[in-house]
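The values are calculated or read from the model by the stated rules, or taken from the named source; none is laboratory data. Remember, predicted model here, so these are calculated numbers, not experimental data. Here the Cβ is made from the backbone with ideal geometry for all residues, glycine too, and neighbour counts use every protein chain on show.
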Amino acid sequence: MKKKTATFINGQVGDCGGLRTFLGFAPAHLLYAYSFVDVLNEGTGEGYQRPRNVAHSRGFKDYIHKSKVSTIPLTFNLRGKSGKDWQVDIQNNSTGYARLMLNNGTKPLAQVDCQHRLGELGDSDIPLAFMAFIGLDLRTEMALFNIINSKAKGLSSSLTDYHESNLLKNLADDAPHLYIARRLNDDSGSPWHRLIRYGGKTNSGLKRRTSFRMIQQTISRFLNDIDDERLGDVDSIYMLIAEYWWAIRRLFESDWLNHRKSLLTKGIGLYSLMRLLPYLLRSHEYKLRTRDDFYDVLKPLATKIDWSSKGMFSGIGGQAGAHEVLQYLKESCCDENTIS
């Protein structure tokens, strides 16, 4: 008996918005076998999705096997080479009736919006509706993923921020806060190098200290609070922020190294310290530039601030809490008569 070399699924081709799409039905195990999840690898920057939540997938498996239940169509993108890995043949132009061919041994269906639903159904015969965009480039696929999932419950806001930073053509001009936050994580000369979570899969051994969402928000607030014309272009501002954090890292080395038991790189620390920076720059007439400059100014904090999780700022949170800590930082490192 001749071995089957491909799987064929009948369906229909049409436009979904402005993009060509194949609509069809297939058993879950078949869709599972021919598809893959492109999870973001924070070490290499490849991929764009969050890791799968196994509990979420198992919950969906229990749900979909109950009687009289359903789900919206699973969403894929046909990647790879048309005619080799896959092919869509239109059988009737007037009705859009078509047949999708999936070559055995390939996984051309990129899971755009379905990884948690499909993740535990590799052995299931349950029939599912699906739609597959036809041969989108990776950039467009990522943009669709971001639009579909930007408001999804449980999806990391850092991950959608990360996608936005990849999709903007001129990141430094269009979103300088994202540009600086990305550079803090990606630049080997940064104190934050590879210590910021994007929401993907991190390499083992790396201990991320904060999220991309949190750090870009603190930078955005800083840019709104400061006279950037006195600081130069976005790269100059990046260097200033990096030097500032090098000084903080040196001053509070124990907190930096034992970050799990410290509030230094948690929300309260990040927000208050970044809000302190504009004040320091103004009060020193924008002359602070190097890590040594910042260290000298911040040095009085070394004996006055306890960042430990059970220390002086424990139980303080939110914007009001950050403002309270900010005032204490000002009083502790500056002449009270100059506080504004």
Given (1) without any contact (Cβ under 8 Å) to a residue 40 or more places away in the chain; (2) out of contact with any Ser or Thr (no Cβ under 7 Å at 6 or more places or on another chain); (3) among the hydrophobic types (A, V, I, L, M, F, W, C), number of the condition Ile196 does not satisfy: (2)
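Test Thr5 against the criterion of being loosely packed, with under 13 Cβ neighbours inside 10 Å and polar (S, T, N, Q), and give yes or no.
Details: loosely packed, with under 13 Cβ neighbours inside 10 Å: yes; polar (S, T, N, Q): yes.
So Thr5 fits the description; yes.
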Subset tally (residues that are surrounded by fewer than 19 Cβ atoms within 10 Å (Cβ to Cβ), among the polar types (S, T, N, Q) and modelled with pLDDT under 95) for segment 116-148: 1
Residue in segment 242-265 that is in contact (Cβ under 8 Å) with a residue 12 or more places away in the chain, within 25 Å of Ser211 (Cα to Cα) and in contact with an Asp or Glu (Cβ under 6 Å, 6 or more places away or on another chain) present: yes
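For segment 182-191, which residues satisfy the criterion of being under 19 Å from Leu231 (Cβ atoms) and in contact with a Lys or Arg (Cβ under 9 Å, 6 or more places away or on another chain)?
Once the filter is applied, which keeps residues that are under 19 Å from Leu231 (Cβ atoms) and in contact with a Lys or Arg (Cβ under 9 Å, 6 or more places away or on another chain), segment 182-191 yields Ser190, Pro191.
Look through Asp89, Asp62 and report the one residue that is part of a strand (DSSP E or B) and either assigned by TED's automatic domain parsing to the domain that holds Val13 or touching a strand residue (DSSP E or B) at 6+ places or on another chain (Cβ under 9 Å) (or both). Spell out the reasoning first.
On the way: Asp62 fails: part of a strand (DSSP E or B).
Every option except Asp89 fails the conditions.
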Any chance Ala98 is closer than 20 Å to Arg50 by Cα, among the hydrophobic types (A, V, I, L, M, F, W, C) and in contact (Cβ under 8 Å) with a residue 60 or more places away in the chain: no
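Restricting the search to segment 11-33, which residues are in a strand (DSSP E or B), out of contact with any Leu (no Cβ under 8 Å at 6 or more places or on another chain) and within 24 Å of Gly105 (Cα to Cα)? Break it down stepwise before answering.
Step one: list which residues in segment 11-33 are in a strand (DSSP E or B), which gives 11-16, 19-27.
From what's left, out of contact with any Leu (no Cβ under 8 Å at 6 or more places or on another chain): 15-16, 20-21, 23.
Correct list: Thr21, Leu23.
Quick grid of which residues meet (1) part of a loop (DSSP other than H, G, I, E, B); (2) at pLDDT below 85; (3) on the phi < 0 side of the Ramachandran plot; (4) surrounded by fewer than 18 Cβ atoms within 10 Å (Cβ to Cβ):
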residue: Leu178; (1), (2), (3), (4): no, no, yes, no
residue: Arg183; (1), (2), (3), (4): no, no, yes, no
residue: Ser188; (1), (2), (3), (4): yes, no, yes, yes
residue: Pro191; (1), (2), (3), (4): yes, no, yes, no
residue: Asn203; (1), (2), (3), (4): yes, yes, yes, yes
residue: Gln216; (1), (2), (3), (4): no, no, yes, no
Selection from segment 226-242 of residues that are crowded, with 19+ Cβ neighbours inside 10 Å and more than 24 Å from the chain's Cα centre (by Cα): Leu240
Test: residue in segment 256-271 that is surrounded by fewer than 19 Cβ atoms within 10 Å (Cβ to Cβ) and among the hydroxyl-bearing types (Ser, Thr, Tyr): no
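So which residues in segment 65-82 are outside any loop (DSSP other than H, G, I, E, B) and at pLDDT below 95?
Listed by number, the list holds a single entry, Ser82.
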